[in-house]
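Here's the structure, in structure tokens; my notes come after.
The values are calculated or read from the model by the stated rules, or taken from the named source; none is laboratory data. Predicted model only: the values in this text are computed from it and were never measured. With ideal geometry, Cβ positions are generated from the backbone for all residues, glycine too; neighbour counts draw on all protein chains shown.
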Amino acid sequence: MIRLGICFLVLVATTVGCGGGGGDSKGVTGPNTQGVLITVLSYGRAASAKEICPLLSDDFRKRSGAGNAAKCPIVGQRTLCPCVSQSLATNSIDVVGDKATAKVTRNDGTTRTITLVRAGADWKIDSIAAP
């Protein structure tokens with residue numbers, strides 16, 4: 001089941017033209033947009049703070065855990081949720097160096113701006129804000 005989910009995410013990332021700044025990649029700029037997209041889609045599919053916390057930067061995990069990253073899944077349940085597994089429409093992804101910004105729309109029409117930072121080979125969410 002997990003393998004199928006990962007394959008689906010890669011397929012979706014490839015289908016929307018991520019991975020470069022190609023001419024037909026509307027709203028997608030910079031290298032490694034596929035990694036950003038996978039993190040953002042994983043965030044949208046999370047059904048609890050326990051599933052979201054591994055997607056967060058160390059700093060955001062600490063902030064979400066009231067100063068203690070280990071408490072993120074417990075304290076973060078209040079600040080990161082309601083966690084409802086849903087697909088997010090990715091309006092744009094901009095990558096500049098080790099930072100990225102993704103603008104997304106939820107099923108209910110609300111929009112969020114998600115900032116991400118590169119942590120090694122992975123992209124981690126550093127903040128989530130209403131526009």
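Of all residues in the stretch 54-66, those that are on the phi > 0 side of the Ramachandran plot have Cβ atoms under 6 Å from Cβ atoms of residues that are hydrophobic (A, V, I, L, M, F, W, C), 6 or more apart or on another chain, in ALA66/VAL75. Within the stretch 78-101, can one find any residue that is closer than 19 Å to GLY65 by Cα and surrounded by 19 or more Cβ atoms within 10 Å (Cβ to Cβ)? Yes: the stretch 78-101 contains one or more residues that are closer than 19 Å to GLY65 by Cα and surrounded by 19 or more Cβ atoms within 10 Å (Cβ to Cβ).
The number of residues in the stretch 103-117 that are exposed (fewer than 13 other Cβ atoms within 10 Å of the Cβ) and among the polar types (S, T, N, Q) comes to 2.
The listed residues are VAL95, VAL10, VAL40, and the only one of them that is at pLDDT 85 or above and either farther than 13 Å from TRP123 by Cβ or under 12 Å from the mean Cα position of the chain (by Cα) (or both) turns out to be VAL40.
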